[in-house]
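Here the structure is laid out as structure tokens; the discussion comes afterwards.
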Amino acid sequence: VILEIDLQGAIQVKERMPESVSIFILPPSFEELESRLRGRGTETPEKIEKRLAAAKYEMEMAYTYDYRIVNDNLEEAYQQLRSIFLNETEKANA
């Protein structure tokens, strides 16, 4: 099962299922995240500020995850994610 959840959800899953594997996808930088959010033009400036505040805290807590992937190159990030899935599946089936 793959869940796309926030930090609080990830903490709850880890508490209930310590064997779960957590992966945090990071932007290359906070500035790049802000640029991406503003560039989409889909949210109000207030919503963007709220998202950025939450993201800053979550990025600071990324060390609590089992894996971290920096999404600065989509293909490389995908290959890293795929590798994690394959390795963890292999471990689980061993």
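The values are calculated or read from the model by the stated rules, or taken from the named source; none is laboratory data. The structure displayed is predicted, hence computed values, not measured ones. Because the Cβ atoms are built from the backbone with ideal geometry, glycine has one as well, and the counts that use them run over all protein chains shown. Side chains included, ligands, DNA and RNA excluded: accessible areas come from the protein's heavy atoms. Shrake-Rupley method; radii C 1.70, N 1.55, O 1.52, S 1.80 Å.
General observations
- Only DSSP H runs of four or more residues enter the estimate; each adds -39500 (n - 2.57), and after division by the residues of the chain the mean residue ellipticity at 222 nm equals -19500 deg cm²/dmol.
- Stretched out straight at 0.36 nm per residue, the stretch from Val1 to Glu32 would grow longer than its current Cα-Cα span by 8.2 nm.
- Aspartates and glutamates with Cα under 14 Å of Lys91, excluding same-chain neighbours fewer than 8 positions away: Glu19
- Charge dipole (the chain, unit charges on Cβ, about Cα centre) - positive-most of Pro18, Ser83, Ile48: Ile48
- Here is what passes the span test in the chain: the DSSP H helices with alpha carbon length of 24 Å or more along the helix axis and a Kyte-Doolittle mean of -1.0 or above are 74-93.
- Each Lys and Arg contributes +1 and each Asp and Glu -1, all at the Cβ; summed about the Cα centre of region 1-70, the dipole is approximately 140 debye.
- Surface composition of the chain: carbon plus sulfur atoms contribute 53% of the solvent-accessible area (1.4 Å probe, protein chains only, all chains present).
- Close amide H contacts of Ser22 (hydrogens built in the peptide plane, cut-off under 5 Å, sequence separation of 5 or more or a different chain): Asp66, Tyr67.
- Rolling a 1.4 Å probe over the heavy atoms of the protein chains gives the chain an accessible area of 77 Å² per residue.
- Sites Tyr57 and Ala94, calculated FRET efficiency, Cβ-Cβ separation with R0 35 Å, nearest 0.05: 0.45
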